[in-house]
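To start, the structure under review is shown below, and the notes come after it.
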């Protein structure tokens, strides 16, 4: 009788240990999304602008002057062009705030890059979003602007829910890039300087 009781207790202990190990394995670790989850995504969009590259770059290079972006009411910026130091807050018309940090600024190559400091998948169903904006000359004296983004889908682990999958993230970021490029084209071709909604702090 004692042996039967001991055997039952031992089997119960094995069952509990196995269940505990299975539960622990299902909890994602800090780096598990990179090893087992989403792959990086990329969106590249371009637009031609009827202005010389220097004129387009004067607007695109002003990291603190992006009040022309769709939905932006004003910009609060540190006011410089120093990578990893200069930051900005895009104050949105709907009351939201998008915070970004400059990570590259190259006047000679007419390119800059910046990343979002905080993810908000309700605003953009993507995470670790980083942008590169580059102004290139065309053969007829106009400009070709490239807006490139690198990011992950909104749900970084396996089996993403609807709305946080690769397709949704790519579609949203592509739409964002197209809207931003159209707004840049409108600002440059209208002749506005792009500094009206900027607050330097």
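Each value in this text was obtained by applying a stated rule to the coordinates, not by laboratory testing. Being a predicted model, the structure only gives us computed values, none of them experimental. Note that each Cβ is placed from the backbone with ideal geometry, even for glycine, and that neighbours are counted across all protein chains shown.
Data overview
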read-out	value
Two-site label geometry, residue 92 and residue 118: point separation in nm, points 7 Å out along Cα→Cβ	1.2
Exposure proxy ranking, count of Cβ atoms within 10 Å, fewest first, for 144, 112	144, 112
Efficiency of FRET from Cβ geometry, residue 39 and residue 192, R₀ 30 Å, rounded to 0.05	0.15
Distance between modelled label sites at residue 167 and residue 84, nm, 7 Å Cα→Cβ extension	4.0
Rg(Cα)/(2.2 N^0.38 Å) for the stretch 39-200, N = residue count	1.02
Likely footprinting exposure, 152, 66, fewest C-beta neighbours within 10 Å first	152, 66
Neighbour-count ranking [beta-carbon atoms within 10 angstrom, fewest first] of 85, 49, 91	85, 91, 49
Distance-filtered residues of the stretch 138-171 - backbone nitrogen under 12 Å, label point 7 angstrom along residue 103 Cα→Cβ	149-152
Extension gain, residue 136 back to residue 55 (0.36 nm per residue minus Cα-Cα distance, nm)	28.0 nm
Nitroxide proxy distance, nm - points 7 Å out along Cα→Cβ at residue 179 and residue 157	3.0
Mean-position separation - Cα centroids, the stretch 115-142 and the stretch 34-102, in angstrom	7
